[in-house]
Amino acid sequence: MTKKRFILLFICIFFVVMGLSAEDAQAERYTRYDKGSQIFSFRAGPTIPAFIWFFNPDANTDSFLVGPGGEENKGTGLSIGGYGGISYQAFVNPTLAFGGEIGYSFSFARGKQLLTIVPITAKLTWIPVQGSFELPLSASAGLSYMSYNDSTTTKGKFSFFAALEAGVTW
């Protein structure tokens, strides 16, 4: 009698374990993207100037400006502006995509002087959560062309550009 119960218990445990392992194997195989899948996206929206850092080791002044700040020598002095961009990425495996992005950002400084930034970056995106909702995490780095006040006397400059992004896609 105990031998029959032991065999019946063993068979039940065997089917439960096999069912769980089959479910795990199916869950691991399902991904929304495959190697070679591509993403082409457009972005547009407002920008809030959180901080600007001017690298100048010879200056004795604080070159790390934080916050919009409207008063003289307080914050960045920039208003809320806008950003638009186009990006293209290709997946190198089911959760990792590599590509590039080109954008255009603008905001106005005190006296209605225009600050323009055109970033051209390489972008790496990791999407650990895939399904109805996705959680893309991105890092990008490259060069940006910056122009201030659109005057012919001051020329634009190239600078290093880096960005971190986190989002939710539905």
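Which condition breaks for G45 when tested against (1) over 20 Å from F158 (Cβ atoms); (2) surrounded by 10 or more Cβ atoms within 10 Å (Cβ to Cβ); (3) modelled with pLDDT of 80 or more?
(2)
Go through (1) more than 22 Å from T31 (Cα to Cα); (2) touching an Asp or Glu at 6+ places or on another chain (Cβ under 8 Å); (3) aromatic (F, W, Y) for F91 and report which single condition fails.
All conditions are met except number (1).
Might you let me know whether segment 128-143 holds any residue that is in a strand (DSSP E or B) and farther than 27 Å from G36 by Cβ?
So in segment 128-143, the residues in a strand (DSSP E or B) come out as 134, 137-143.
Right, trim to farther than 27 Å from G36 by Cβ and you get 143.
The answer is yes, given that some residue of segment 128-143 is in a strand (DSSP E or B) and farther than 27 Å from G36 by Cβ.
Any residue at all in segment 80-96 that is farther than 23 Å from I39 by Cβ, in contact with a strand residue (DSSP E or B) (Cβ under 8 Å, 6 or more places away or on another chain) and not β-branched (V, I, T)?
Of all residues in segment 80-96, those farther than 23 Å from I39 by Cβ come to 80-81.
With in contact with a strand residue (DSSP E or B) (Cβ under 8 Å, 6 or more places away or on another chain) added as a condition, the list becomes 80-81.
Within this subset, residues satisfying the condition of being not β-branched (V, I, T) are 81.
There is at least one residue in segment 80-96 that is farther than 23 Å from I39 by Cβ, in contact with a strand residue (DSSP E or B) (Cβ under 8 Å, 6 or more places away or on another chain) and not β-branched (V, I, T).
If you go through segment 141-153 one residue at a time, do you hit one that is touching a strand residue (DSSP E or B) at 6+ places or on another chain (Cβ under 8 Å), surrounded by 12 or more Cβ atoms within 10 Å (Cβ to Cβ), under 16 Å from G85 (Cβ atoms) and of a type in the set (F, W, Y)?
Scanning segment 141-153 turns up at least one residue that is touching a strand residue (DSSP E or B) at 6+ places or on another chain (Cβ under 8 Å), surrounded by 12 or more Cβ atoms within 10 Å (Cβ to Cβ), under 16 Å from G85 (Cβ atoms) and of a type in the set (F, W, Y).
How do the pairs read when you match residues in segment 120-137 that are in contact (Cβ under 8 Å) with a residue 40 or more places away in the chain with residues anywhere that are open to solvent by 50 Å² or more (accessible area, probe 1.4 Å) and in a loop (DSSP other than H, G, I, E, B), using Cβ under 7 Å and keeping only pairs 6 or more apart or on different chains?
Correct list of pairs: I127/L135; Q130/R32.
Which is part of a strand (DSSP E or B), of a type in the set (G, A, S) and surrounded by fewer than 17 Cβ atoms within 10 Å (Cβ to Cβ), of A97, A90?
Numbers: A97 fails: surrounded by fewer than 17 Cβ atoms within 10 Å (Cβ to Cβ).
Result: A90 is the single residue among A97, A90 that is part of a strand (DSSP E or B), of a type in the set (G, A, S) and surrounded by fewer than 17 Cβ atoms within 10 Å (Cβ to Cβ).
The values are calculated or read from the model by the stated rules, or taken from the named source; none is laboratory data. Bear in mind the structure is a predicted one, so any value in this text is a computation, not a measurement. Positions of Cβ are backbone-derived with ideal geometry, glycine not excepted, and every protein chain shown enters the neighbour counts. Areas reflect the complete protein model, heavy atoms only, side chains present, ligands, DNA and RNA absent. Shrake-Rupley method; radii C 1.70, N 1.55, O 1.52, S 1.80 Å.
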